[in-house]
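Note sheet for the following structure.
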Amino acid sequence: MRSSTASRRYLYTGGILLSIVLAFFILGLFWTPYGINETDAASKFLAPCAEHIFGTDNLGRDVFSRCLVAARYTLLVSFTGVAYALVIGTLAGLIAGYNGGIIDKIIMIFSNGIMCFPGILLALVAVAVFGPSLFNVIWALGLVFAPTFARVYRTSTIELLGRDYILQAKLMGIHPLRIMFVHILPNLMSQVLPAVIIGLANMTLFESGMSYLGLGVQPPAASYGKMLSDAQSYMVSAPWLIIFPTLMRVCYILGLYFISEWVRTSVKGGSK
Amino acid sequence: MSYKGHILEVKNLCLSLCNADGAPVRILNDLTFSVRSGEILGLIGDSGSGKTMTALAISGLLSDFAQADSGEIIFEGEDLVKKSPRERRRLLGEKIGVIFQDPSSALDPLQTVESNLSEIISLRSKNKEEGRERILRMLKTVGFENPEQIAKRYPHRLSGGQRQRVLIAGAALMNPSLLIADEPTSSLDTVTSMSIMQLLHEMCQEMGISILFISHNLNAVRNFCDRVMVMKEGAIIDSDTSWDIMGQPKSAFTAELLLKSKLDPKALGISRGVAQEDAPVVLSAEGISACYKNTFFKKAHTTPVISGISLEVKEGESVGLIGSSGCGKTTLVKTILGLIKPESGTITKSGKIAAVFQDPVSSLNPAHTVRWHLTEALEASGRKMSEDERKNYFLKILEDVGLSGKHLTRFPHQMSGGQRQKAAIAMCLVQEPSVIIADEPFSALDASSQASIIKLLSDINTKNGTTMLIVSHNLRVIKAMCSKVIVMDKGKIVEAGDTDTVLNDPKSDTTAALLKARMYEA
């Protein structure tokens, strides 16, 4: 492990940014100062003050409470979506890379096919067909992200296939599935980790985009994308409605990028 | 001359390297030596003795983790340690040329030979035509008959030996006065090594270049170097003319190094595995040919890599397979092992075949411990054992191959090349094979590890009675270990039979060429 000052700086910056989001998430699980859908006609458009530190929106709902709860959905969608993509991508990539030939061709044509379309469009189509819900958003985004992981796994698998220890395993007559998952898979972790982190960040952006369009997390649940889309008419008169949800997302995504940068520079990428 | 005939003087050089925790570890200890103008100075020693570090320190290519603590490196009367990195870079290529070990990674694969080489010239002269002339002249000097064609080729279309020639051409392009060659031949086969060594020798004589030749190939050093220095733990412990060092080593360490590197069968106690008269045939191949398949859209190659190969191996015997690189030895081995499907012919095997491969870096899975590897091999062979039985069995196997119980929990990166190769052999033994096929099992190791692996394989053959098929460049080892030998050339068997008969009275040109190159092998 080689960790220079510069890469440690990445770790610290990313860590601080992410822990802000994490603190919001944990706090939001147990306590919010106000109910997230509690409206108060008397205190509409309050600028940040002592009672409402992030201010209130057009219905008098507390923005801080909504930010606390929205962190939950951002983390949920990004983590489950990436996990979903990772499982599909791993299976497809390993099988394609290990078997080669016609199986590889079919899987890769299919995954390249998915990659040809803009990801958000595919996800939108899926949600439009199956109806907008959190679950649909997750699997649709997972499917869109899977080819990225499949590619990473496939290339690295092909590279490892020529290694003597894999030849040795084949000679010993070990079952191909065992070779794939026990012999090859652990050696791919160093390539996959950065892909996972970047995937988390991209997934969040996609989710916000979809919520903004009204196809993601559905009301009454709060999500950053939804909060932005609700606030756009009041952008000039009540800028805090835009600023705080945006800041939260910036913290999360920037934090992830910094951490992935740290992984890239300090953890020895690839197997020698 | 102000530097009294010495082109390079290293005085009391101390060098430290930071380890993982950032603590400095002394690599070079009070190193003092000098290179005279126009001589070839050999530098030998075990791996990890600081040979490469010396080369890097002189050329100024040390990483940020290494620091020169004290001492001077005086090159042509100037102290290099005091110079700025910029000034040192300027010297590189112009006055000091460097050739590295691995020719496959030293050329940019996306550029032709010419553009690779012109990179060196472009920094110093703007005249393109003149630069091109110079490159072609230099390619001719390093022994290419058709420099125009070679200049247009991409590195992947050159063999290892050709690439090394191109690199030498690059290093000598600006007429440097010192050439540092760090194991320039260790990744090449003997016939190619010999021609590279001769080339370096000629360049030294004709162009008056002094060469610092780092190697653990003692025979090459003996035949080519004027003087030799022996290095141990970062210091020079012995230095004299090569004849004297090799003939009458002054220190015990040098004597031991020489003995080990000779791989003397008697000193190692190696004997040949001979099959009994009525021993059954355990492995036979009948007219097999094989080729590498091409891609989905392209038809397969029509020219096979190996063709019409027939061989027979009897139980308990040890057979050597030799031939220059690219003759199809590895393809044959892979076909026999079943990793490549033969185009035609049949392979009959009785019992299990295990294999030991060449590269100690990739012989073990980096994600798992030695215990995992052994368990995997045990389970693959279908035997069941209780936890205790298994542990004792593993300890016994490890002891047999010269490792100990503490290695069970080690990961491959925590072991040396020799130890890894031993662990790979242990894995083979766990499978209780009837035949072990070893593809160059020791060529990537240093002299002491080589000796122990050879001894180990020979013991497995003679004591356990396991049949061996050994692929090697090293004729001396083959001669010591094998009762039969098969010589291959261009995918065909050109000669086969009793080791003594074939090697003492070669019938084919291939065998004769291999025997001729022998004097330069380690």
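How large is the accessible surface of A:Thr80 in square angstrom, using a 1.4 angstrom probe and rounding to the nearest 10?
Estimated to the nearest 10 Å², A:Thr80 gives 60 Å².
Would you list which lysines come within 26 Å of A:Lys105, measuring only between C-alpha atoms, while excluding same-chain residues fewer than 8 positions from it?
Within reach: A:Lys170, B:Lys293, B:Lys298, B:Lys299, B:Lys334, B:Lys341.
To the nearest 10 Å², what's B:Lys352's accessible area with a 1.4 Å probe?
Rounded to the nearest 10, the figure is 60 Å².
Show A:Ser223, B:Ser105, B:Ser416 ordered by accessible area, largest first, where the area counts protein heavy atoms only and the probe is 1.4 Å.
Numbers: A:Ser223 0, B:Ser105 85, B:Ser416 60 Å².
Order by accessible area, largest first: B:Ser105, B:Ser416, A:Ser223.
Could you state the number of Å between the C-alpha centres of region B:140-207 and region A:173-206?
42 Å
Compute the acute angle (0 to 90°) between the alpha-carbon long axis of helix B:370-380 and the principal axis of greatest extent of the alpha-carbon atoms of chain B; round to the nearest 10°.
30 degrees
Using alpha carbon centroids, what distance separates region A:73-133 and region B:471-522, in Å?
Measuring centre to centre over Cα atoms gives 55 Å.
How much accessible area per residue does region B:6-262 have, counting only protein heavy atoms and a probe of 1.4 Å, in square angstrom?
So region B:6-262 comes to 46 Å² accessible per residue, rounded to a whole number.
Which one of B:His407, A:Ile138, A:Asn187 has its Cα pushed farthest toward the positive end of the charge dipole of the protein assembly as shown, where Lys and Arg give +1 and Asp and Glu give -1 at the Cβ?
A:Ile138
Would you tally the net charge around A:Leu215, using a Cβ to Cβ cut-off of less than 12 Å, leaving A:Leu215 out, and scoring K and R as +1, D and E as -1?
0
Starting from the residue with the highest accessible area, list B:Asp182, B:Asp498 in decreasing order, probe 1.4 Å.
From most exposed to least exposed: B:Asp498, B:Asp182.
Straight distance only, please: which aspartates and glutamates reach the Cα of B:Lys422 with their own Cα at less than 19 Å, same-chain residues fewer than 8 apart left out?
The qualifying aspartates and glutamates are A:Asp164, B:Asp46, B:Asp359, B:Glu376, B:Glu399, B:Asp400, B:Glu432, B:Asp439, B:Glu440, B:Asp446, B:Asp459.
Just need log10 I(q)/I(0) for chain A at q = 0.14 Å⁻¹, Debye formula, equal scatterers on the alpha-carbon atoms, no solvent, rounded to two decimals.
So the normalised log intensities work out to -1.01.
Below 8 Å, C-alpha to C-alpha, sequence gap of six or more: please give me the relative contact order for chain A in percent.
Values: 399 pairs, mean separation 78.0, N = 272.
For chain A, the relative contact order is 29 percent.
Less than 15 Å Cβ to Cβ from A:Asp57, Lys/Arg counted +1 and Asp/Glu -1: what total charge do the surrounding residues give?
Charge balance near A:Asp57 sits at -1.
Relative contact order, percent, of chain B when contacts are C-alpha pairs under 8 Å separated by at least 6 residues?
Answer for chain B is 16 percent.
Note every residue of region A:155-173 with a reduction of at least 50 square angstrom in accessible area, all protein chains present versus the isolated chain, computed with a 1.4 Å probe, or write none.
So the qualifying set is A:Asp164, A:Tyr165, A:Leu167, A:Gln168, A:Leu171, A:Met172.
Based on the alpha carbons, how large is the Rg to Rh ratio for region B:6-262 when Rh follows Kirkwood?
Ratio of gyration radius to Kirkwood radius: 0.97.
Working from Cα positions, state the angle (0 to 90°, nearest 10) between the long axis of helix A:101-116 and the longest principal axis of chain A.
It works out to around 20 degrees.
Among the GluC sites (Glu not before Pro) within region B:133-237, which fall in a DSSP loop and have no more than 14 other Cβ atoms within 10 Å of their own Cβ?
In loop regions of region B:133-237 (DSSP not H, G, I, E or B), the sparsely surrounded GluC sites (Glu not before Pro) are B:Glu145.
Could you report the accessible area of B:His201 in Å², rounded to 10, computed with a 1.4 Å probe on the protein chains as they sit in the structure?
Probe radius 1.4 Å; accessible area of B:His201 about 60 Å².
For chain A, which span is the longest to avoid every loop-located (per DSSP) member of GluC sites (Glu not before Pro) having at most 14 other Cβ atoms inside 10 Å?
A:52-272
What's the buried accessible area, both sides, between A and B using a 1.4 Å probe, rounded to 100 Å²?
2000 Å²
Antiparallel versus total DSSP beta bridges in the protein assembly as shown: what percent is that, nearest 5?
Taking every DSSP beta bridge within the protein assembly as shown, about 55 percent pair in antiparallel fashion.
Report the antiparallel proportion of the DSSP beta bridges in chain B as a percent, rounded to a multiple of 5.
On the way: 42 of 78 bridges.
Antiparallel: roughly 55 percent of the beta bridges in chain B.
Plugging the Kirkwood radius over Cα pairs into Stokes-Einstein for chain B, at a temperature of 20 °C and a viscosity of 1.002 mPa s, what D comes out in µm²/s?
The diffusion coefficient I find is 85 µm²/s.
Among DSSP bridges having both ends in region B:6-262, what percentage is antiparallel? Round to the nearest 5.
Details: 25 of 43 bridges.
If I count the DSSP bridges inside region B:6-262, around 60 percent turn out antiparallel.
Let me know the longest stretch in chain B that avoids all chymotrypsin sites (Phe, Trp or Tyr not before Pro) found in a DSSP loop with at most 14 other C-beta atoms within 10 Å.
Counting at most 14 other Cβ atoms within 10 Å as exposed, the longest clean stretch of chain B is B:66-291.
Can you pull the percent of the protein assembly as shown's accessible area that's carbon plus sulfur, 1.4 Å probe, other chains left in place?
Carbon and sulfur atoms account for 57 percent of the accessible area of the protein assembly as shown.
Would you please state which residues of region B:464-497 a label at B:Leu339 would reach in this model, taking the label point 7 Å out along Cα→Cβ and a backbone N cut-off of under 20 Å?
Residues B:467-474, B:488-492 qualify, since their backbone N sits under 20 Å from the label point.
Go through B:Lys266/B:Lys484; B:Lys349/B:Lys479; B:Lys82/B:Lys250 and tell me which ones have a Cα-Cα distance over 29 Å in this structure.
Those over the limit are B:Lys82/B:Lys250.
Please determine, in degrees from 0 to 90 and to the nearest 10, the orientation of helix B:447-464 with respect to the longest principal axis defined by the Cα atoms of chain B, where the helix direction is its Cα long axis.
Between the helix axis and the principal axis of chain B, the angle is about 10 degrees.
Please give the calculated 222 nm ellipticity per residue for chain A, where each DSSP H segment of at least 4 residues contributes -39500 (n - 2.57) and the sum is spread over every residue; nearest 500 deg cm²/dmol?
Computed ellipticity for chain A at 222 nm equals -23500 deg cm²/dmol.
Note down, for the protein assembly as shown, the three equivalent ellipsoid semi-axes (square root of 5 times each alpha carbon gyration tensor eigenvalue), biggest first, whole angstrom.
Calculated on Cα positions only, the semi-axes equal 57, 37, 26 Å.
So what is the relative contact order for region B:6-262, in percent, with contacts set as C-alpha pairs under 8 Å and at least six apart? Could the numbers behind the result be given before it?
Details: 467 pairs, mean separation 70.5, N = 257.
Relative CO of region B:6-262 lands at 27 percent.
Whole Å is fine, so just give me how far the alpha carbon centre of region B:349-403 lies from that of region B:315-341.
23 Å
The values are calculated or read from the model by the stated rules, or taken from the named source; none is laboratory data. Note that the structure is a prediction, hence the values are computed from the model and not measured. Here the Cβ is made from the backbone with ideal geometry for all residues, glycine too, and neighbour counts use every protein chain on show. Quick note on the areas: whole protein, heavy atoms, side chains included, nothing else; ligands and nucleic acids left out. Shrake-Rupley method; radii C 1.70, N 1.55, O 1.52, S 1.80 Å.
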